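Read the structure below first, then the notes.
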Amino acid sequence: QVELVESGGGLVQAGGSLRLSCAASGSILSINNMGWYRQAPGKQRELVAMLNSGGNTNYGDSVKGRFTISRDNAKNTVFLQMNSLKPADTAVYYCYCNCVSSENRYLRMYWGQGTQVTVSS
């Protein structure tokens, strides 16, 4: 199976920064893309950032210019650098991997357990 372990969430004041990490491990054969979604109370889960195997990125409109996604391929790890944080960024952030595992042999989404990010005003 594929396991995703997130770290780096917490409480920060508006205007501050946080860096999230997500390490994928297990029986991974290939990674198509990895990234982050977030979900605030009472709202739908939304894409924050995505990074594919070709190095292309995609960001949600609300975080463009403030958040940056990067990766360490050797460690199957992605990072989300979040700057100029706003109270509206408060949410649970979920890491995902769109991967092929040795068990399933087809592309599917795997999810982390989520990490809370709280931005105070």
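The values are calculated or read from the model by the stated rules, or taken from the named source; none is laboratory data. Keep in mind that what you see is a predicted model, and the values were worked out from it rather than measured. Accessible surface areas use protein heavy atoms only, side chains included; no ligands, DNA or RNA. Shrake-Rupley method; radii C 1.70, N 1.55, O 1.52, S 1.80 Å.
Per residue, the stretch 62-121 exposes an accessible area of 49 Å² to a 1.4 Å probe, with every protein chain left in place. Between Ala23 and Asn52, residue separation times 0.36 nm minus the direct Cα-Cα distance comes to 8.9 nm. Our coupling estimate for the stretch 97-112, obtained by passing each phi through the Karplus curve with A = 6.51, B = -1.76, C = 1.60 and θ = phi - 60°, is 9, 9, 10, 10, 10, 5, 6, 8, 6, 8, 6, 8, 8, 10, 10, x Hz, Gly and Pro reported as x.
Which whole-number percent gives the relative contact order of the chain, counting Cα pairs below 8 Å spaced six or more residues apart?
Once divided by the residue count of the chain, the mean separation gives 37 percent.
The stretch between Ser120 and Arg66 holds 17.7 nm of extra length on full extension. This uses 0.36 nm per residue minus the Cα-Cα distance. Just the protein heavy atoms count here, and of the accessible area of the chain at 1.4 Å, carbon and sulfur take up 46 percent. The overall shape of the stretch 29-72, judged from the alpha-carbon gyration tensor, is oblate: a/c is not under 1.5, and a/b is no greater than b/c.
Partner aspartates and glutamates whose Cα lies under 19 Å from the Cα of Lys43, excluding those fewer than 8 positions away in the same chain, are identified as Asp61, Asp89. State log₁₀ I(q)/I(0) for the chain at q = 0.11, 0.23 Å⁻¹ as given by the Debye formula over alpha-carbon point scatterers of equal weight, solvent excluded. Taking Cα atoms of the chain as identical point scatterers yields -0.34, -1.33. Springs between Cα atoms under 10 Å define the GNM used for the chain, and in it the highest mean-square fluctuation of Gly55, Gly26, Gly42 occurs at Gly42.
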